[in-house]
1. Does Asp19 qualify as being open to solvent by less than 50 Å² (accessible area, probe 1.4 Å), assigned to a helix (DSSP H, G or I) and of a type in the set (Asp, Glu)?
2. Is at least one residue of the range 128-147 closer than 20 Å to Leu297 by Cα, of a type outside the set (Val, Ile, Thr) and in contact with a Pro (Cβ under 8 Å, 6 or more places away or on another chain)?
3. For the range 171-220, enumerate the residues that are under 20 Å from Leu246 (Cα atoms), open to solvent by 10 Å² or more (accessible area, probe 1.4 Å) and not in a helix (DSSP H, G or I).
4. Can we say Gly14 is of a type in the set (Gly, Ala, Ser), surrounded by fewer than 18 Cβ atoms within 10 Å (Cβ to Cβ) and under 22 Å from the mean Cα position of the chain (by Cα)?
5. Is it true that Arg124 is basic (Lys, Arg) and more than 30 Å from Ala256 (Cβ to Cβ)?
6. Taking the range 43-89, which residues are in a loop (DSSP other than H, G, I, E, B) and either of a type in the set (Gly, Ala, Ser) or within 22 Å of the chain's Cα centre (by Cα) (or both)?
7. Test each condition in (1) open to solvent by less than 60 Å² (accessible area, probe 1.4 Å); (2) part of a loop (DSSP other than H, G, I, E, B); (3) without any contact (Cβ under 8 Å) to a residue 60 or more places away in the chain; (4) under 19 Å from His11 (Cβ atoms) for Gly155 and report the one that comes out false.
8. Only one residue in Glu266, Glu248, Glu283 is under 22 Å from Lys94 (Cα atoms) and free of Cβ contacts under 8 Å to residues at least 24 places away in the same chain. Which one?
Amino acid sequence: MTRWGILSTGHIAGRFAEDLRLVPGAELVAVGSRTPQSAELFAARHGAVRAYGSWAELAADPDLDVIYVATPHAAHHEAAMTCLAAGRAVLVEKPCTLDLATSAELIEAARARGVFLMEAMWMRTNPLILRVAELIAEGAIGEVTSVRADFGAAGPFSPEHRMRARTLGGGALLDLGVYPLSLAHLLLGVPQHVQAWAKLTPEGVDANTGIVLGWDSGAVATLSCGMVGATAITASITGTTGRIDLPEPFYRPGSAVLHRLRADPETIPADLTGGGYQHEAAEVQRCLAAGLIESPLVPHAATLEVMALLDGIRGRIGVDYA
């Protein structure tokens, strides 16, 4: 049995707790929040045995094997470091932190202590996304020449909303754009060329962002994210001999459609049981059982490479969280 703690009591924490019920061998033992009342309500709703009114108390619980950190972006570093310092394995919500430097600090701390740490980029543990990556690696569409993906939310978001709060790491890029960027990185690795443009909010975070990535192979990626309109949230990967389309939402699609040259389209269905968070929890448990301190599906190197890309894009569009 893997004994879980959840740090934070927001919407994503609740969805994760619900999906944890679908993971064999998983048990939600404790929840921690900044207030006892919030922790107690969450524990009662999701069946946790214990509720703590501070992060430190949760991290100190000796009965926990791993803690899922689901705070807003700006608190990821402090919350995860609190857990790592107590010797607890950590699954930290994406993006890992606000920037490359603090993500590297977390990873260095985990490695120094020999403690498991994984960024909760759940798309990289989704069985259908993994199958698509496998098909591409097998040459199903030839050499990849382009990736197109978008993720836009309709809004409008009030100035007080976390999506517009600079102090909380607001903006479309870290919250939504990390998905198109991670998909391109998963399939093509680190690009050699990066261009970006964005319209900023009065608070200084990105409201609508376009990104173009280029690889020396000749491959390109055209990506967008925003919080000013609901986009299709689809993706398409084109190769020299075919194409794979991912319908909405591309990061957890109900199917994928493989188009080969001179052949009928092939639909690859997905099992959409639960909300999709169970796959990352199962991966954490698999890694812990194997004595690993990082996941081969979401390795530390991938986290750092994507964070470096996010830093570079923020520099180009003028978003600074300092």
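The values are calculated or read from the model by the stated rules, or taken from the named source; none is laboratory data. Since the model is a prediction, treat every value here as computed from it, not as a measurement. Positions of Cβ are generated from backbone atoms using ideal geometry, with glycine treated the same way; all protein chains shown enter the neighbour counts. Each accessible area value is taken on the protein alone, full model and side chains, heavy atoms only, with ligands, DNA and RNA left out. Shrake-Rupley method; radii C 1.70, N 1.55, O 1.52, S 1.80 Å.
1. Judged against the criteria, Asp19 is a match.
2. Yes, some residue in the range 128-147 is closer than 20 Å to Leu297 by Cα, of a type outside the set (Val, Ile, Thr) and in contact with a Pro (Cβ under 8 Å, 6 or more places away or on another chain).
3. Gly189, Gly210, Val212, Val220
4. Criteria met by Gly14.
5. Numbers: basic (Lys, Arg): yes; more than 30 Å from Ala256 (Cβ to Cβ): no.
Against the criterion (basic (Lys, Arg) and more than 30 Å from Ala256 (Cβ to Cβ)), Arg124 does not qualify.
6. Taking the range 43-89 and keeping what is in a loop (DSSP other than H, G, I, E, B), we get 47-49, 53-54, 60-65, 70-72, 86-88.
Correct list: Gly47, Ala48, Gly53, Ser54, Ala60, Asp65, Ala70, Thr71, Pro72, Ala86, Gly87, Arg88.
7. The failed condition is (3).
8. Details: Glu266 fails: under 22 Å from Lys94 (Cα atoms); Glu283 fails: free of Cβ contacts under 8 Å to residues at least 24 places away in the same chain.
Going through Glu266, Glu248, Glu283 in turn, the sole match is Glu248.
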